[in-house]
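Structure first, commentary second.
The values are calculated or read from the model by the stated rules, or taken from the named source; none is laboratory data. Values in this document were obtained by computation on a predicted structure and should not be read as measured data. All Cβ positions, even for glycine, are placed from backbone atoms using ideal geometry, and neighbour counts span all protein chains on display. The accessibility values were calculated without ligands, DNA or RNA, using every heavy atom of the protein model including side chains. Shrake-Rupley method; radii C 1.70, N 1.55, O 1.52, S 1.80 Å.
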Amino acid sequence: MTVKTNSLKINTNKNFEIIDITSKVNELIDIEEGIVSIFSRHSTSAIVVNENEQGLLKDFEFMLSNLVEDKYSYQHDRIDNNARSHLKSFLLSSSECLPIRNSKIDLGTWQSVFFVELDGPRANRTITLTMVGE
Amino acid sequence: MTVKTNSLKINTNKNFEIIDITSKVNELIDIEEGIVSIFSRHSTSAIVVNENEQGLLKDFEFMLSNLVEDKYSYQHDRIDNNARSHLKSFLLSSSECLPIRNSKIDLGTWQSVFFVELDGPRANRTITLTMVGE
Amino acid sequence: MTVKTNSLKINTNKNFEIIDITSKVNELIDIEEGIVSIFSRHSTSAIVVNENEQGLLKDFEFMLSNLVEDKYSYQHDRIDNNARSHLKSFLLSSSECLPIRNSKIDLGTWQSVFFVELDGPRANRTITLTMVGE
């Protein structure tokens, strides 16, 4: 049994961007079997698991902007003009804890792991991968 | 310290169904103390923890259909007519990472673990349990 | 490699309250490197990670009450008058699984871990910390 830590750096190009990180995460897995905590170190981003289909990813962006409506004014905008980005991050989650098998994340056929940029573009978004297993 | 993996198969009977899997998960726990990642291998489902009260589970279904509204048309529906199912899954989560004590999930008095079917009925929904501990 | 369990008790003072538990959790971490499952044993509460800014925390409360609307009547209220509290807990999550490094939760600069009270005031809210690592 061992614990291994790696990190993944990402540059984003748009205000909202959903980036499939499955293959990059798999390259950084260095245990054979166990679990991995995939954690974004930023409070205007999220980690989610779902299907990588372009239309669906557009629908996801649309749903989030419906849920956190533009029409309201938010207190955090007095300090930093990104309240909606934080609120979307609250609703989603900053981490996922996933199974590893044969040195890869053991996903279903239609699943990918995504980093969701909610306040881009940004350089050096950092995702910490912590693996526990053997 | 050890890592153990098991999986749980479920058949669902309705389009939306919320199934208490606590006792089935407990039967598959084979470490005494540690953590378990409970992960659904499907992008139109979710794993959640809450109270098993029939009225509340109906309220939960009602809330989700309010949040992901029927009135909009979604791009993913051009390919596969289940965008709303994926979007609800995005909002919830495909996994939970829970404590194990005395070879059981160490839940509070009013808590159960649920598999949420968002696009049923389906045969052979698979949930992966990955335990790390001793 | 080892597994360690600790728990944190909290008394809350308001119906909705968001409490930064980062430093209390850090005091209870007793491994050097690994992961920690931070789990609330209550189905009317949540664990989230985001920025500790007072205006933002008010915005978060406002968003949640928009998402789980007062105008509807909920079935669970026939039994126990707190359906909205459970529904907000469903939407958020009862746990987070986070990285530990140098005997602390390895958060980003603008991140804190919060316990979200959704049905207070309550005495003895319990959060279980399960650490796996070395």
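For B:Lys14, all conditions in the list (1) on the phi > 0 side of the Ramachandran plot; (2) in contact with a Pro (Cβ under 7 Å, 6 or more places away or on another chain) hold save one; what is the number of the exception?
For B:Lys14, the exception is condition (1).
Each row is one residue, and each column tells you yes or no for (1) surrounded by fewer than 23 Cβ atoms within 10 Å (Cβ to Cβ); (2) of a type outside the set (A, V, I, L, M, F, W, C); (3) touching a strand residue (DSSP E or B) at 6+ places or on another chain (Cβ under 8 Å).
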position	(1), (2), (3)
C:Met1	yes, no, yes
C:Ile10	yes, no, yes
C:Asn13	yes, yes, no
C:Lys24	yes, yes, yes
C:Glu32	yes, yes, yes
C:Val48	yes, no, yes
C:Ala83	no, no, no
C:His86	no, yes, yes
C:Cys97	no, no, yes
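Taking the stretch C:31-66 on its own, how many of its residues are touching a His at 6+ places or on another chain (Cβ under 8 Å) and within 21 Å of C:Asp80 (Cα to Cα)?
2
Out of the stretch A:107-134, which residues are farther than 17 Å from A:Asp20 by Cβ and not polar (S, T, N, Q)?
A:Asp119, A:Pro121, A:Arg122, A:Ala123, A:Met131, A:Val132, A:Gly133, A:Glu134, listed by residue number.
Could you tell me whether any residue of the stretch B:109-118 is under 10 Å from the mean Cα position of the chain (by Cα), at the interface with another protein chain (Cβ under 9 Å from one of its Cβ atoms) and open to solvent by 10 Å² or more (accessible area, probe 1.4 Å)?
no
Mind listing just one residue for me: the one in the stretch B:105-117 that is in contact (Cβ under 8 Å) with a residue 24 or more places away in the chain and outside any strand (DSSP E or B) and, of those, farthest from B:Val3 (Cα to Cα)?
Within the stretch B:105-117, the subset in contact (Cβ under 8 Å) with a residue 24 or more places away in the chain is B:105, B:107, B:110-117.
Going one step further and asking which of them are outside any strand (DSSP E or B), we end up with B:107, B:110-111.
Details: B:Leu107: 21, B:Trp110: 28, B:Gln111: 25 Å.
So, considering only residues that are in contact (Cβ under 8 Å) with a residue 24 or more places away in the chain and outside any strand (DSSP E or B), the one farthest from B:Val3 (Cα to Cα) is B:Trp110.
Let's see how each residue does on (1) modelled with pLDDT under 95; (2) farther than 18 Å from C:Asp20 by Cα; (3) within 14 Å of the chain's Cα centre (by Cα):
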residue	(1), (2), (3)
C:His42	no, no, yes
C:Asp59	no, no, no
C:Met63	no, yes, no
C:Arg78	yes, yes, no
C:Ser85	no, yes, yes
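For the stretch C:1-35, give me each residue that is charged (D, E, K, R) and either within 14 Å of chain B (Cβ to nearest Cβ) or in a loop (DSSP other than H, G, I, E, B) (or both). Give the derivation first.
Here is the first cut: in the stretch C:1-35, the residues charged (D, E, K, R) are C:4, C:9, C:14, C:17, C:20, C:24, C:27, C:30, C:32-33.
Residues satisfying the conditions are C:Lys4, C:Lys9, C:Lys14, C:Asp30, C:Glu32, C:Glu33.
Given the structure, is B:Glu53 more than 20 Å from B:Met131 (Cβ to Cβ) and modelled with pLDDT of 95 or more? Don't jump to the end; show me each part of the working.
Working: more than 20 Å from B:Met131 (Cβ to Cβ): yes; modelled with pLDDT of 95 or more: yes.
Considered against the rule, which asks whether it is more than 20 Å from B:Met131 (Cβ to Cβ) and modelled with pLDDT of 95 or more, B:Glu53 comes out as yes.
Taking the stated definitions as given, is B:Ser37 polar (S, T, N, Q) and buried (at least 20 other Cβ atoms within 10 Å of the Cβ)?
Values: polar (S, T, N, Q): yes; buried (at least 20 other Cβ atoms within 10 Å of the Cβ): yes.
It is true that B:Ser37 is polar (S, T, N, Q) and buried (at least 20 other Cβ atoms within 10 Å of the Cβ).
So which residues in the stretch B:55-97 are part of a loop (DSSP other than H, G, I, E, B) and either more than 7 Å from chain A (Cβ to nearest Cβ) or farther than 27 Å from A:Ile35 by Cβ (or both), if there are any at all? Let's see the steps before the verdict.
First, pick out the residues of the stretch B:55-97 that are part of a loop (DSSP other than H, G, I, E, B): B:68-74, B:79-82, B:92-94.
Those that are part of a loop (DSSP other than H, G, I, E, B) and either more than 7 Å from chain A (Cβ to nearest Cβ) or farther than 27 Å from A:Ile35 by Cβ (or both): B:Val68, B:Glu69, B:Asp70, B:Lys71, B:Tyr72, B:Ser73, B:Tyr74, B:Ile79, B:Asp80, B:Asn81, B:Asn82, B:Leu92.
For residues in the stretch C:119-131 being touching a Ser or Thr at 6+ places or on another chain (Cβ under 7 Å) and under 25 Å from C:Ser65 (Cα atoms), which is nearest to the other protein chains (Cβ to nearest Cβ)? Explain how you work it out, then say what you get.
Residues of the stretch C:119-131 touching a Ser or Thr at 6+ places or on another chain (Cβ under 7 Å): C:119-122, C:125-130.
Those still in the list that are under 25 Å from C:Ser65 (Cα atoms) too: C:119-122, C:125-127.
Details: C:Asp119: 11, C:Gly120: 15, C:Pro121: 18, C:Arg122: 12, C:Arg125: 10, C:Thr126: 7, C:Ile127: 10 Å.
Residue satisfying both the conditions and the ranking: C:Thr126.
For every residue, the table says whether it meets (1) farther than 21 Å from A:Leu57 by Cα; (2) among the hydrophobic types (A, V, I, L, M, F, W, C); (3) in contact (Cβ under 8 Å) with a residue 12 or more places away in the chain.
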{"position": "B:Phe62", "(1), (2), (3)": "yes, yes, no"}
{"position": "B:Asp70", "(1), (2), (3)": "no, no, yes"}
{"position": "B:Tyr74", "(1), (2), (3)": "no, no, yes"}
{"position": "B:Arg84", "(1), (2), (3)": "no, no, yes"}
{"position": "B:Leu98", "(1), (2), (3)": "yes, yes, yes"}
{"position": "B:Ser103", "(1), (2), (3)": "yes, no, yes"}
{"position": "B:Asp119", "(1), (2), (3)": "no, no, yes"}
{"position": "B:Arg122", "(1), (2), (3)": "yes, no, yes"}
{"position": "B:Met131", "(1), (2), (3)": "yes, yes, yes"}
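What's the number of the condition B:Phe90 fails, among (1) modelled with pLDDT under 95; (2) under 17 Å from B:Asp119 (Cβ atoms)?
Checking B:Phe90 against (1) modelled with pLDDT under 95; (2) under 17 Å from B:Asp119 (Cβ atoms), the one that fails is (1).
Going by the structure shown, is B:Leu57 of a type in the set (A, V, I, L, M) and buried (at least 19 other Cβ atoms within 10 Å of the Cβ)? Can you show your working first?
Working: of a type in the set (A, V, I, L, M): yes; buried (at least 19 other Cβ atoms within 10 Å of the Cβ): yes.
So B:Leu57 passes the test.
Test each condition in (1) β-branched (Val, Ile, Thr); (2) closer than 25 Å to A:Pro99 by Cα; (3) surrounded by 21 or more Cβ atoms within 10 Å (Cβ to Cβ) for B:Thr126 and report the one that comes out false.
(3)
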